[in-house]
Amino acid sequence: MAERVIPLVDQRLAALGATLPAQPIAATGLLADTLGRPLRDLRISVTDRCNFRCSYCMPKEVFDKDYQYLPHASLLSFEEITRTARQFLAHGVHKIRLTGGEPLLRKNLEILVGQLAALRTVDGTPPELTLTTNGSLLARKARVLKEAGLQRVTVSLDGLDDEIFRRMNDVDFPVAEVLDGIAAARAAGLGPIKVNMVVKRGTNEDQILPMARHFRGTGVVLRFIEYMDVGATNGWRMDEVLPSAAVRDIIHAEFPLVQLAPSAPGETAERWGYADGQGEIGLISSVTQAFCGDCNRARLSTEGKLYLCLFASNGYDLRALLRGGASDAELASAIGHIWQGRGDRYSELRSTLAADTGTGGRRVEMSYIGG
Ligand code: SAM
Ligand code: SF4
Ligand code: SF4
(Lines give C-alpha, C1' and ligand atoms only; values in the text may rest on other atoms or scores of the structure.)
(Ligands and ions follow the chains in the order given, each with its own letter.)
Protein backbone atom coordinates (compact mmCIF):
# COMPACT_ATOMS: atom_id res chain seq x y z
CA MET A 1 0.00 0.00 0.00
CA ALA A 2 1.29 3.49 -0.85
CA GLU A 3 2.37 5.58 2.12
CA ARG A 4 0.05 8.31 3.23
CA VAL A 5 1.84 11.65 3.06
CA ILE A 6 0.21 14.52 4.85
CA PRO A 7 0.88 17.94 3.32
CA LEU A 8 3.07 20.08 5.47
CA VAL A 9 1.60 23.09 7.20
CA ASP A 10 4.39 25.40 8.25
CA GLN A 11 4.45 25.40 12.02
CA ARG A 12 7.76 27.16 12.24
CA LEU A 13 6.05 30.51 12.27
CA ALA A 14 3.92 29.75 15.29
CA ALA A 15 5.83 30.59 18.44
CA LEU A 16 5.08 31.01 22.07
CA GLY A 17 6.43 34.14 23.66
CA ALA A 18 9.26 33.65 26.11
CA THR A 19 8.13 36.00 28.85
CA LEU A 20 10.11 37.29 31.77
CA PRO A 21 8.64 36.17 35.10
CA ALA A 22 7.71 38.84 37.65
CA GLN A 23 10.09 37.20 40.13
CA PRO A 24 13.48 36.56 38.50
CA ILE A 25 14.56 32.92 38.57
CA ALA A 26 18.21 32.57 39.45
CA ALA A 27 20.18 29.81 37.74
CA THR A 28 21.14 27.49 40.59
CA GLY A 29 21.39 24.23 38.69
CA LEU A 30 18.42 22.94 40.67
CA LEU A 31 15.56 23.64 38.30
CA ALA A 32 12.62 21.20 38.17
CA ASP A 33 9.50 21.06 36.01
CA THR A 34 5.92 20.43 37.20
CA LEU A 35 6.66 16.69 37.35
CA GLY A 36 9.88 17.20 39.33
CA ARG A 37 12.14 16.50 36.34
CA PRO A 38 15.47 18.36 36.25
CA LEU A 39 17.02 19.93 33.14
CA ARG A 40 20.14 17.96 32.17
CA ASP A 41 20.30 17.50 28.43
CA LEU A 42 20.21 20.15 25.69
CA ARG A 43 19.85 19.25 22.02
CA ILE A 44 20.66 22.01 19.62
CA SER A 45 19.58 21.91 15.99
CA VAL A 46 22.10 23.83 13.90
CA THR A 47 20.38 23.52 10.52
CA ASP A 48 17.03 22.43 9.11
CA ARG A 49 18.69 21.19 5.92
CA CYS A 50 19.82 17.69 5.09
CA ASN A 51 21.45 15.91 2.18
CA PHE A 52 19.41 12.73 2.87
CA ARG A 53 15.69 12.20 2.40
CA CYS A 54 14.95 9.38 4.87
CA SER A 55 11.26 8.71 4.34
CA TYR A 56 10.62 8.55 8.09
CA CYS A 57 12.01 12.05 8.57
CA MET A 58 12.20 14.22 5.43
CA PRO A 59 10.16 12.48 2.73
CA LYS A 60 11.04 13.63 -0.77
CA GLU A 61 7.43 14.42 -1.63
CA VAL A 62 7.42 17.19 0.99
CA PHE A 63 11.06 18.23 1.21
CA ASP A 64 11.38 18.80 -2.53
CA LYS A 65 13.11 21.51 -4.54
CA ASP A 66 10.34 23.99 -3.71
CA TYR A 67 10.57 23.46 0.04
CA GLN A 68 11.35 26.72 1.82
CA TYR A 69 14.16 26.22 4.29
CA LEU A 70 14.87 28.86 6.88
CA PRO A 71 16.75 31.88 5.57
CA HIS A 72 20.24 32.28 7.01
CA ALA A 73 19.30 35.38 9.04
CA SER A 74 16.67 33.33 10.91
CA LEU A 75 19.24 30.87 12.20
CA LEU A 76 20.84 31.51 15.55
CA SER A 77 24.45 32.57 15.07
CA PHE A 78 27.19 30.60 16.84
CA GLU A 79 27.49 33.42 19.36
CA GLU A 80 23.74 33.36 20.05
CA ILE A 81 23.79 29.57 20.45
CA THR A 82 26.74 29.71 22.83
CA ARG A 83 25.22 32.49 24.90
CA THR A 84 21.97 30.55 25.22
CA ALA A 85 23.76 27.29 26.01
CA ARG A 86 25.63 29.03 28.82
CA GLN A 87 22.32 29.83 30.54
CA PHE A 88 21.14 26.24 30.12
CA LEU A 89 24.34 24.98 31.74
CA ALA A 90 23.78 27.35 34.64
CA HIS A 91 20.37 25.69 35.11
CA GLY A 92 21.92 22.21 35.37
CA VAL A 93 22.50 21.00 31.81
CA HIS A 94 25.48 18.62 31.65
CA LYS A 95 25.20 17.30 28.14
CA ILE A 96 24.91 19.09 24.81
CA ARG A 97 24.10 17.29 21.57
CA LEU A 98 24.36 19.03 18.21
CA THR A 99 21.87 17.81 15.68
CA GLY A 100 19.63 18.93 12.81
CA GLY A 101 18.84 18.37 9.91
CA GLU A 102 22.34 17.26 9.12
CA PRO A 103 24.59 19.22 11.50
CA LEU A 104 27.73 18.75 9.42
CA LEU A 105 26.11 20.83 6.67
CA ARG A 106 26.39 23.90 8.90
CA LYS A 107 29.47 25.76 7.73
CA ASN A 108 32.41 25.94 10.14
CA LEU A 109 30.62 23.88 12.77
CA GLU A 110 33.95 23.29 14.49
CA ILE A 111 33.95 26.96 15.55
CA LEU A 112 30.70 26.41 17.44
CA VAL A 113 32.09 23.19 18.92
CA GLY A 114 35.10 25.12 20.18
CA GLN A 115 32.89 27.77 21.79
CA LEU A 116 30.66 25.19 23.49
CA ALA A 117 33.61 23.12 24.68
CA ALA A 118 34.92 26.17 26.55
CA LEU A 119 31.71 26.46 28.63
CA ARG A 120 31.38 24.92 32.09
CA THR A 121 28.59 23.11 33.94
CA VAL A 122 27.48 24.15 37.43
CA ASP A 123 30.05 21.66 38.75
CA GLY A 124 32.82 23.47 36.91
CA THR A 125 33.35 20.59 34.49
CA PRO A 126 33.20 20.85 30.69
CA PRO A 127 29.82 19.75 29.32
CA GLU A 128 29.60 16.39 27.61
CA LEU A 129 29.65 17.43 23.96
CA THR A 130 28.36 15.15 21.27
CA LEU A 131 26.81 15.20 17.80
CA THR A 132 24.34 13.10 15.82
CA THR A 133 25.08 12.78 12.12
CA ASN A 134 24.13 10.73 9.10
CA GLY A 135 27.86 10.17 8.66
CA SER A 136 28.04 11.34 5.04
CA LEU A 137 30.56 14.12 5.76
CA LEU A 138 32.20 12.58 8.79
CA ALA A 139 35.27 11.19 7.06
CA ARG A 140 36.14 14.77 6.09
CA LYS A 141 35.24 16.43 9.39
CA ALA A 142 36.04 13.98 12.21
CA ARG A 143 39.56 15.18 12.99
CA VAL A 144 38.82 18.92 13.00
CA LEU A 145 35.75 18.37 15.20
CA LYS A 146 37.77 16.35 17.69
CA GLU A 147 40.48 19.00 17.77
CA ALA A 148 37.82 21.64 18.45
CA GLY A 149 36.61 19.72 21.52
CA LEU A 150 33.88 17.37 20.35
CA GLN A 151 33.95 14.26 22.54
CA ARG A 152 31.75 11.68 20.82
CA VAL A 153 29.53 11.08 17.81
CA THR A 154 26.38 9.10 17.14
CA VAL A 155 26.06 7.98 13.53
CA SER A 156 22.74 6.99 12.00
CA LEU A 157 22.82 3.90 9.78
CA ASP A 158 19.73 1.87 8.96
CA GLY A 159 21.30 -1.22 7.41
CA LEU A 160 24.36 -2.77 5.82
CA ASP A 161 22.69 -3.92 2.63
CA ASP A 162 23.61 -1.23 0.12
CA GLU A 163 20.38 -1.44 -1.83
CA ILE A 164 18.20 -1.16 1.27
CA PHE A 165 20.25 1.69 2.69
CA ARG A 166 20.26 3.65 -0.58
CA ARG A 167 16.48 3.27 -0.74
CA MET A 168 16.03 4.39 2.87
CA ASN A 169 18.16 7.52 2.56
CA ASP A 170 16.43 8.07 -0.80
CA VAL A 171 19.40 9.93 -2.31
CA ASP A 172 21.28 6.79 -3.35
CA PHE A 173 23.99 7.27 -0.72
CA PRO A 174 26.20 4.17 -0.29
CA VAL A 175 26.74 2.31 3.01
CA ALA A 176 30.51 2.20 2.43
CA GLU A 177 30.90 5.96 2.83
CA VAL A 178 29.07 5.97 6.16
CA LEU A 179 31.30 3.12 7.34
CA ASP A 180 34.31 5.21 6.26
CA GLY A 181 32.92 8.06 8.37
CA ILE A 182 32.61 5.77 11.40
CA ALA A 183 36.19 4.57 10.89
CA ALA A 184 37.42 8.16 10.66
CA ALA A 185 35.57 9.09 13.85
CA ARG A 186 37.14 6.15 15.63
CA ALA A 187 40.61 7.05 14.35
CA ALA A 188 40.11 10.64 15.53
CA GLY A 189 39.19 9.42 19.04
CA LEU A 190 35.51 10.40 18.92
CA GLY A 191 34.45 7.32 20.83
CA PRO A 192 32.74 5.37 22.20
CA ILE A 193 30.77 5.67 18.98
CA LYS A 194 27.07 4.95 18.91
CA VAL A 195 25.22 3.86 15.79
CA ASN A 196 21.49 4.55 15.57
CA MET A 197 19.34 2.26 13.45
CA VAL A 198 15.67 3.16 12.97
CA VAL A 199 13.80 -0.11 12.49
CA LYS A 200 10.82 -0.05 10.16
CA ARG A 201 8.82 -3.26 9.91
CA GLY A 202 8.75 -4.49 6.34
CA THR A 203 11.61 -2.18 5.30
CA ASN A 204 14.81 -3.01 7.14
CA GLU A 205 14.05 -5.54 9.87
CA ASP A 206 16.18 -8.10 8.01
CA GLN A 207 19.14 -5.79 8.68
CA ILE A 208 18.96 -6.22 12.47
CA LEU A 209 21.16 -9.32 12.60
CA PRO A 210 23.71 -8.23 9.97
CA MET A 211 24.12 -4.95 11.87
CA ALA A 212 24.50 -6.77 15.20
CA ARG A 213 27.07 -9.15 13.72
CA HIS A 214 29.00 -6.29 12.13
CA PHE A 215 29.31 -4.07 15.21
CA ARG A 216 29.59 -6.77 17.90
CA GLY A 217 33.03 -6.82 19.46
CA THR A 218 34.08 -3.50 17.85
CA GLY A 219 33.37 -1.17 20.78
CA VAL A 220 30.61 0.55 18.79
CA VAL A 221 27.27 0.60 20.62
CA LEU A 222 24.48 -0.23 18.20
CA ARG A 223 21.12 1.23 19.19
CA PHE A 224 17.81 0.23 17.70
CA ILE A 225 15.16 2.96 17.57
CA GLU A 226 11.47 2.28 17.19
CA TYR A 227 10.05 4.13 14.22
CA MET A 228 8.29 7.13 15.77
CA ASP A 229 5.31 9.28 14.90
CA VAL A 230 7.37 12.48 14.94
CA GLY A 231 6.31 15.42 12.78
CA ALA A 232 3.35 15.40 10.45
CA THR A 233 4.81 14.32 7.14
CA ASN A 234 6.14 10.77 7.42
CA GLY A 235 2.78 8.96 7.11
CA TRP A 236 3.51 7.00 10.29
CA ARG A 237 1.55 3.81 10.91
CA MET A 238 1.68 1.67 14.04
CA ASP A 239 1.91 -1.50 11.97
CA GLU A 240 5.30 -0.35 10.67
CA VAL A 241 6.72 -0.17 14.20
CA LEU A 242 8.75 -3.21 15.17
CA PRO A 243 8.70 -3.23 18.99
CA SER A 244 12.11 -3.24 20.67
CA ALA A 245 11.16 -6.46 22.46
CA ALA A 246 11.03 -8.18 19.05
CA VAL A 247 14.44 -6.73 18.11
CA ARG A 248 15.86 -8.06 21.37
CA ASP A 249 14.40 -11.53 20.72
CA ILE A 250 15.88 -11.66 17.21
CA ILE A 251 19.36 -10.85 18.51
CA HIS A 252 19.04 -12.94 21.66
CA ALA A 253 18.30 -16.05 19.56
CA GLU A 254 21.75 -15.78 17.95
CA PHE A 255 23.71 -13.93 20.63
CA PRO A 256 22.36 -14.32 24.20
CA LEU A 257 21.84 -10.96 25.90
CA VAL A 258 21.73 -9.83 29.52
CA GLN A 259 20.19 -6.58 30.72
CA LEU A 260 22.59 -3.92 32.02
CA ALA A 261 21.95 -1.07 34.47
CA PRO A 262 21.20 2.38 32.97
CA SER A 263 24.33 4.51 32.60
CA ALA A 264 22.60 7.77 33.58
CA PRO A 265 19.20 8.86 34.90
CA GLY A 266 16.83 9.76 32.07
CA GLU A 267 18.84 7.64 29.60
CA THR A 268 16.69 6.98 26.52
CA ALA A 269 18.19 3.59 25.66
CA GLU A 270 17.71 0.37 27.60
CA ARG A 271 21.11 -1.34 27.69
CA TRP A 272 21.66 -5.01 26.89
CA GLY A 273 25.05 -6.71 26.95
CA TYR A 274 26.22 -9.69 24.92
CA ALA A 275 26.52 -12.54 27.43
CA ASP A 276 29.93 -13.45 25.98
CA GLY A 277 31.30 -9.98 26.75
CA GLN A 278 31.42 -8.74 23.15
CA GLY A 279 29.92 -5.33 23.97
CA GLU A 280 26.40 -3.97 24.27
CA ILE A 281 23.38 -2.79 22.32
CA GLY A 282 20.72 -0.20 23.16
CA LEU A 283 16.97 -0.35 22.64
CA ILE A 284 15.08 2.92 22.32
CA SER A 285 11.42 2.09 22.76
CA SER A 286 9.84 5.48 22.37
CA VAL A 287 6.59 4.00 21.08
CA THR A 288 6.03 0.81 23.07
CA GLN A 289 7.53 1.89 26.39
CA ALA A 290 7.04 5.47 27.46
CA PHE A 291 10.03 6.98 29.21
CA CYS A 292 8.74 10.46 29.97
CA GLY A 293 8.95 9.95 33.75
CA ASP A 294 12.55 11.11 33.93
CA CYS A 295 12.83 12.98 30.62
CA ASN A 296 15.32 15.76 31.25
CA ARG A 297 15.80 16.94 27.65
CA ALA A 298 15.27 20.40 26.20
CA ARG A 299 15.53 21.17 22.49
CA LEU A 300 16.65 24.40 20.90
CA SER A 301 15.49 24.75 17.30
CA THR A 302 17.55 26.13 14.46
CA GLU A 303 15.91 29.53 14.85
CA GLY A 304 16.10 29.66 18.62
CA LYS A 305 12.82 28.26 19.86
CA LEU A 306 12.83 26.17 23.00
CA TYR A 307 10.84 22.92 22.72
CA LEU A 308 10.00 21.00 25.86
CA CYS A 309 9.17 17.73 24.10
CA LEU A 310 10.02 16.04 20.81
CA PHE A 311 6.31 15.92 20.11
CA ALA A 312 5.46 19.50 21.03
CA SER A 313 3.56 21.70 18.60
CA ASN A 314 5.08 25.00 19.63
CA GLY A 315 8.33 26.34 20.92
CA TYR A 316 9.18 29.36 23.05
CA ASP A 317 10.86 32.15 21.15
CA LEU A 318 14.22 32.68 22.87
CA ARG A 319 15.61 34.41 19.78
CA ALA A 320 13.21 37.31 20.34
CA LEU A 321 14.83 37.79 23.77
CA LEU A 322 18.36 37.37 22.43
CA ARG A 323 17.80 39.91 19.67
CA GLY A 324 15.64 42.18 21.83
CA GLY A 325 18.48 43.10 24.16
CA ALA A 326 17.73 40.78 27.11
CA SER A 327 20.53 40.42 29.65
CA ASP A 328 22.02 37.01 30.53
CA ALA A 329 20.11 37.05 33.84
CA GLU A 330 16.85 37.75 31.98
CA LEU A 331 17.54 34.99 29.49
CA ALA A 332 18.25 32.54 32.33
CA SER A 333 15.13 33.69 34.13
CA ALA A 334 12.95 33.13 31.06
CA ILE A 335 14.41 29.64 30.51
CA GLY A 336 13.85 28.79 34.18
CA HIS A 337 10.26 30.01 34.02
CA ILE A 338 9.50 27.96 30.90
CA TRP A 339 11.03 24.79 32.36
CA GLN A 340 9.18 25.24 35.66
CA GLY A 341 5.91 25.22 33.71
CA ARG A 342 6.74 22.04 31.76
CA GLY A 343 4.34 19.14 32.05
CA ASP A 344 4.92 17.41 28.69
CA ARG A 345 4.77 13.61 28.59
CA TYR A 346 3.58 12.80 25.11
CA SER A 347 4.79 9.20 24.89
CA GLU A 348 2.91 8.30 28.04
CA LEU A 349 -0.26 9.85 26.66
CA ARG A 350 0.14 8.72 23.03
CA SER A 351 -2.47 6.00 23.12
CA THR A 352 -5.10 8.32 24.52
CA LEU A 353 -4.46 11.21 22.12
CA ALA A 354 -5.78 11.48 18.60
CA ALA A 355 -2.84 10.78 16.30
CA ASP A 356 -2.65 14.20 14.76
CA THR A 357 -3.36 16.46 17.67
CA GLY A 358 -0.45 15.32 19.82
CA THR A 359 0.16 17.83 22.56
CA GLY A 360 -2.38 20.23 21.14
CA GLY A 361 -1.82 20.73 17.43
CA ARG A 362 0.27 19.67 14.47
CA ARG A 363 3.66 18.50 15.63
CA VAL A 364 6.95 20.04 14.68
CA GLU A 365 9.24 18.19 12.23
CA MET A 366 12.21 16.27 13.63
CA SER A 367 14.54 17.78 11.02
CA TYR A 368 13.70 21.18 12.52
CA ILE A 369 14.25 20.47 16.21
CA GLY A 370 16.59 17.51 15.86
CA GLY A 371 16.40 14.00 17.29
N1 SAM B 1 20.78 13.98 10.33
C2 SAM B 1 21.30 13.45 11.54
C3 SAM B 1 21.09 11.96 11.60
O4 SAM B 1 20.32 11.41 10.83
O5 SAM B 1 21.74 11.35 12.46
C6 SAM B 1 20.77 14.11 12.80
C7 SAM B 1 19.31 14.45 12.85
S8 SAM B 1 18.20 13.08 12.84
C9 SAM B 1 16.64 13.91 12.91
C10 SAM B 1 18.43 12.42 14.46
C11 SAM B 1 17.98 11.00 14.67
O12 SAM B 1 16.59 10.91 14.55
C13 SAM B 1 18.55 9.99 13.68
O14 SAM B 1 19.20 8.95 14.36
C15 SAM B 1 17.33 9.49 12.96
O16 SAM B 1 17.48 8.18 12.55
C17 SAM B 1 16.25 9.67 13.98
N18 SAM B 1 14.90 9.75 13.42
C19 SAM B 1 14.43 10.61 12.48
N20 SAM B 1 13.14 10.38 12.20
C21 SAM B 1 12.76 9.34 13.01
C22 SAM B 1 11.54 8.63 13.22
N23 SAM B 1 10.43 8.93 12.53
N24 SAM B 1 11.52 7.65 14.13
C25 SAM B 1 12.63 7.33 14.84
N26 SAM B 1 13.81 7.96 14.70
C27 SAM B 1 13.88 8.95 13.79
FE1 SF4 C 1 18.42 13.76 7.33
FE2 SF4 C 1 18.88 12.65 9.66
FE3 SF4 C 1 16.37 13.16 8.91
FE4 SF4 C 1 17.71 11.25 7.64
S5 SF4 C 1 17.14 11.28 9.82
S6 SF4 C 1 16.51 12.87 6.67
S7 SF4 C 1 19.77 12.03 7.70
S8 SF4 C 1 17.93 14.66 9.33
FE1 SF4 D 1 10.51 13.45 26.71
FE2 SF4 D 1 8.43 14.17 25.21
FE3 SF4 D 1 9.85 11.98 24.58
FE4 SF4 D 1 8.26 12.00 26.75
S5 SF4 D 1 7.61 12.16 24.64
S6 SF4 D 1 10.36 11.21 26.65
S7 SF4 D 1 8.51 14.14 27.44
S8 SF4 D 1 10.61 14.12 24.56
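The values are calculated or read from the model by the stated rules, or taken from the named source; none is laboratory data. Predicted model, so just to flag it, every value in this text is computed and none were measured. Note that each Cβ is placed from the backbone with ideal geometry, even for glycine, and that neighbours are counted across all protein chains shown. With ligands, DNA and RNA removed, areas are computed over all heavy atoms of the protein, side chains included. Shrake-Rupley method; radii C 1.70, N 1.55, O 1.52, S 1.80 Å.
Taking the stretch 224-237 on its own, how many of its residues are within 16 Å of ligand 3 (Cβ to nearest atom) and either open to solvent by 20 Å² or more (accessible area, probe 1.4 Å) or without any contact (Cβ under 8 Å) to a residue 40 or more places away in the chain (or both)?
Number satisfying all stated conditions: 3.
State which residue pairs qualify: first residue within 20 Å of residue 287 (Cβ to Cβ) and inside the stretch 196-216, second residue among the polar types (S, T, N, Q) and open to solvent by 20 Å² or more (accessible area, probe 1.4 Å) in any location, beta carbons under 8 Å apart, and separation of 6 or more residues or different chains.
196/132; 196/156; 197/156; 198/156
Regarding residue 196, is this residue within 14 Å of ligand 2 (Cβ to nearest atom), in contact with a Phe, Trp or Tyr (Cβ under 6 Å, 6 or more places away or on another chain), under 28 Å from residue 350 (Cβ atoms) and modelled with pLDDT of 95 or more? Step through it out loud before you land on a result.
Details: within 14 Å of ligand 2 (Cβ to nearest atom): yes; in contact with a Phe, Trp or Tyr (Cβ under 6 Å, 6 or more places away or on another chain): no; under 28 Å from residue 350 (Cβ atoms): yes; modelled with pLDDT of 95 or more: yes.
For residue 196, the condition - within 14 Å of ligand 2 (Cβ to nearest atom), in contact with a Phe, Trp or Tyr (Cβ under 6 Å, 6 or more places away or on another chain), under 28 Å from residue 350 (Cβ atoms) and modelled with pLDDT of 95 or more - is not met.
For the stretch 267-309, what are the residues that are basic (Lys, Arg) and within 16 Å of ligand 2 (Cβ to nearest atom)?
If the condition is that a residue be basic (Lys, Arg) and within 16 Å of ligand 2 (Cβ to nearest atom), then 299 is the only one that fits.
Within the stretch 284-321, track down each residue that is within 16 Å of ligand 1 (Cβ to nearest atom) and open to solvent by 40 Å² or more (accessible area, probe 1.4 Å).
Result: 288, 289, 290, 291.
Only one residue in 133, 84, 125 is under 20 Å from the mean Cα position of the chain (by Cα), among the β-branched types (Val, Ile, Thr) and either within 16 Å of ligand 1 (Cβ to nearest atom) or open to solvent by 10 Å² or more (accessible area, probe 1.4 Å) (or both). Which one?
Being under 20 Å from the mean Cα position of the chain (by Cα), among the β-branched types (Val, Ile, Thr) and either within 16 Å of ligand 1 (Cβ to nearest atom) or open to solvent by 10 Å² or more (accessible area, probe 1.4 Å) (or both) holds for just one of 133, 84, 125, which is 133.
For the stretch 278-368, please list each of the helices (runs of 4 or more DSSP H) lying entirely inside it that holds at least 3 residues being more than 19 Å from residue 32 (Cα to Cα) and at pLDDT 95 or above.
318-323
Filter the stretch 140-178 down to residues that are buried (at least 17 other Cβ atoms within 10 Å of the Cβ), farther than 23 Å from residue 227 by Cβ and within 16 Å of ligand 2 (Cβ to nearest atom), then give me how many there are.
Final tally of qualifying residues: 1.
Can you say whether residue 48 is in a loop (DSSP other than H, G, I, E, B), among the acidic types (Asp, Glu), more than 16 Å from ligand 3 (Cβ to nearest atom) and out of contact with any helix residue (DSSP H, G or I) (no Cβ under 6 Å at 6 or more places or on another chain), as far as the supplied structure shows?
For residue 48, the condition - in a loop (DSSP other than H, G, I, E, B), among the acidic types (Asp, Glu), more than 16 Å from ligand 3 (Cβ to nearest atom) and out of contact with any helix residue (DSSP H, G or I) (no Cβ under 6 Å at 6 or more places or on another chain) - is not met.
Suppose we keep only residues that are within 16 Å of ligand 1 (Cβ to nearest atom) and in a loop (DSSP other than H, G, I, E, B) within the stretch 238-266. Which one would you say is most open to solvent (accessible area, probe 1.4 Å)?
Only one residue tops the list, namely 243.
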